[in-house]
1. Would you check if there is a residue in the stretch 281-291 being open to solvent by 40 Å² or more (accessible area, probe 1.4 Å), modelled with pLDDT of 95 or more and outside any helix (DSSP H, G or I)?
2. Take the residues in the stretch 43-82 that are at pLDDT 50 or above, open to solvent by 10 Å² or more (accessible area, probe 1.4 Å) and of a type in the set (Val, Ile, Thr), then tell me which one is farthest from Asn143 (Cα to Cα).
3. With respect to the numbered conditions (1) open to solvent by 80 Å² or more (accessible area, probe 1.4 Å); (2) modelled with pLDDT of 95 or more; (3) part of a loop (DSSP other than H, G, I, E, B), which one is the sole condition not fulfilled by Trp229?
4. Tell me the residue from Gln320, Gln426 that is of a type in the set (S, T, N, Q), in a helix (DSSP H, G or I) and under 23 Å from the mean Cα position of the chain (by Cα), please.
5. Select from the stretch 190-224 the residues that are in a loop (DSSP other than H, G, I, E, B) and among the β-branched types (Val, Ile, Thr) and write down the one among them that is surrounded by the fewest Cβ atoms within 10 Å (Cβ to Cβ).
6. Checking the structure you have, find out if any residue of the stretch 170-178 is of a type in the set (D, E, K, R) and within 23 Å of Gly248 (Cα to Cα).
7. Is it true that Gly113 is at positive phi and in contact (Cβ under 8 Å) with a residue 60 or more places away in the chain?
Amino acid sequence: MELAIKNRIAPTTQNFLTPKPKVKSLRVFSVKCITSLSSSDVAATGVADRPWKTSDARLVLEDGSVWSAKSFGARGTQVGEVVFNTSLTGYQEILTDPSYAGQFVLMTNPHIGNTGVNFDDEESRQCFLAGLVIRSLSISTSNWRCTKALGDYLLERNLMGIYDVDTRAITRRLRQDGSLIGVLTTEESKTDEELLEMSRSWDIVGIDLISGVTCTGPYEWVDKTDPEWDFNCEGRGDIYHVIAYDFGIKHNILRRLSSYGCKITVVPSNWPASETLKMKPDGVLFSNGPGDPSAVPYAVKTVKELLGNVPVFGICMGHQLLGQALGGKTFKMKFGHHGGNHPVRNLVANRVEISAQNHNYAVDPASLPKGVEVTHINLNDGSCAGLAFPALNVMSLQYHPEASPGPHDSDSVFGEFIKLMKEVKQKASAEISVTVKKRW
């Protein structure tokens with residue numbers, strides 16, 4: 001959009017002190033900006049005919065509340081679970097995080113879209129969330145990596161978004177009542193009553209969302225963190241082969257593992273444990289992913305079959321699956337943890353780490369068998385944020401050490417996984433040496 005602005009030159013202080021003949025001096029200049037409204041928005045709302053946009057969307061929650069808003073991105077009707085995210089930055093990483101499948105993400109930071117989008121910040125091959133809810137949509141972008149506006153990005157991916165809605169009031173409602181199912185629509189033909197019925201007849205609990213975000217077959221991952229951004233690249237030595245189960249894995253988990261010196265093979269969520277053991281990996285990673293861990297018993301079965309055979313590391317969903325495989329139980333939290341500013345106490349290192357989190361379920365530590373250690377605790381609510389079972393070479397975190405977006409306080413856990421694989425490998429080599437000596 002290009003605007004021609006004409007304005008009289010304001011009089012200086014000297015003009016006020018010493019009157020001079022009035023001279024009509026005009027200054028003409030151009031302002032260029034990238035708007036976040038797509039061409040479809042212009043056609044549908046007539047923005048070209050007026051300098052403002054009126055409310056053309058509704059968010060109806062299962063508690064009966066109706067929120068008027070303005071749409072951007074795709075149009076239509078979508079249902080999902082509404083959760084709020086407290087991150088100040090990183091909306092593109094959030095949009096492409098598969099763990100948000102089936103959810104509307106409400107950003108508590110009021111100003112979204114000001115940095116546009118770029119290829120580097122993608123965390124998966126596509127957007128899996130149901131929609132984006134924000135307070136204020138930036139009408140311009142200002143970032144040296146920006147390739148397009150947020151509205152155009154959502155439209156290309158057929159993803160709905162709304163803005164000019166009271167996100168603070170909705171967040172307070174979610175904190176009070178818990179996560180709510182909602183329906184987002186731009187269709188005027190649908191009544192509020194119809195949308196309310198849709199929200200109350202849909203449920204996310206017990207649904208296998210992982211099968212919709214996992215890869216279709218195994219592949220090798222080779223990409224590392226760009227050296228310009230790699231803040232922790234010292235002490236990398238031997239190469240370890242890691243099998244990464246894709247339950248909705250973020251690319252930065254793979255980049256961090258690769259940067260720490262791992263050869264990575266990514267496999268689908270239904271990949272048999274027997275096939276994994278045939279590949280003779282040094283370790284197995286169980287990734288993050290969306291939804292209810294109780295809805296994927298096949299994944300829990302795979303985890304059980306691998307326990308004790310190879311060192312394992314679970315992140316987010318992987319942590320919950322490990323908890324169930326070890327005999328524990330998981331439960332749905334009131335409104336979950338979503339954001340890049342959650343304090344966690346590392347009980348092993350006796351320090352506090354600020355973490356990036358995204359989960360609606362947690363492991364009940366009281367249900368875990370003897371020998372399983374709670375290694376991390378969320379300081380906001382005291383929930384279990386990490387586990388270890390030394391007897392079976394198990395370690396896990398409920399949150400995201402790879403961040404993206406978020407702080408890097410917990411990045412060293414990848415080094416701890418390397419250390420665990422190294423110790424197990426050295427122990428196995430020593431036992432083989434002893435056996436060979438006895439035979440001779």
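1. Residues of the stretch 281-291 that are open to solvent by 40 Å² or more (accessible area, probe 1.4 Å), as a first pass: none.
No, the stretch 281-291 contains no residue that is open to solvent by 40 Å² or more (accessible area, probe 1.4 Å), modelled with pLDDT of 95 or more and outside any helix (DSSP H, G or I).
2. For the stretch 43-82, the residue satisfying everything is Val66.
3. (2)
4. Numbers: Gln426 fails: under 23 Å from the mean Cα position of the chain (by Cα).
None of the others qualify; the one that does is Gln320.
5. Our first condition is that a residue be in a loop (DSSP other than H, G, I, E, B); within the stretch 190-224, this holds for 190-191, 201-209, 213-218, 222-224.
From the residues that got through so far, the ones that are among the β-branched types (Val, Ile, Thr) too are 191, 204-205, 207, 213-214, 216, 222.
Working: Thr191: 10, Ile204: 21, Val205: 12, Ile207: 17, Val213: 24, Thr214: 22, Thr216: 7, Val222: 9.
Going through the qualifying residues, I end up with Thr216.
6. To start, the set of residues in the stretch 170-178 that are of a type in the set (D, E, K, R) comprises 172-173, 175, 177.
If we keep only those that are within 23 Å of Gly248 (Cα to Cα) as well, we get none.
No, the stretch 170-178 contains no residue that is of a type in the set (D, E, K, R) and within 23 Å of Gly248 (Cα to Cα).
7. Numbers: at positive phi: yes; in contact (Cβ under 8 Å) with a residue 60 or more places away in the chain: yes.
So Gly113 passes the test.
To keep it simple, each residue is scored yes or no on (1) part of a loop (DSSP other than H, G, I, E, B); (2) under 26 Å from Ser294 (Cα atoms).
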{"site": "Asn341", "(1), (2)": "no, no"}
{"site": "Val348", "(1), (2)": "yes, no"}
{"site": "Val352", "(1), (2)": "no, no"}
{"site": "Gln357", "(1), (2)": "no, yes"}
{"site": "Thr375", "(1), (2)": "no, yes"}
{"site": "Asp381", "(1), (2)": "yes, yes"}
{"site": "Gly386", "(1), (2)": "no, yes"}
{"site": "Pro405", "(1), (2)": "yes, no"}
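The values are calculated or read from the model by the stated rules, or taken from the named source; none is laboratory data. It should be emphasised that the depicted structure is a prediction, and the values quoted were computed from it without experimental measurement. Here Cβ is always computed from backbone atoms with ideal geometry, including for glycine, and neighbour counts include all displayed protein chains. Just the protein is used for accessible areas: all its heavy atoms, side chains included, with ligands, DNA and RNA removed. Shrake-Rupley method; radii C 1.70, N 1.55, O 1.52, S 1.80 Å.
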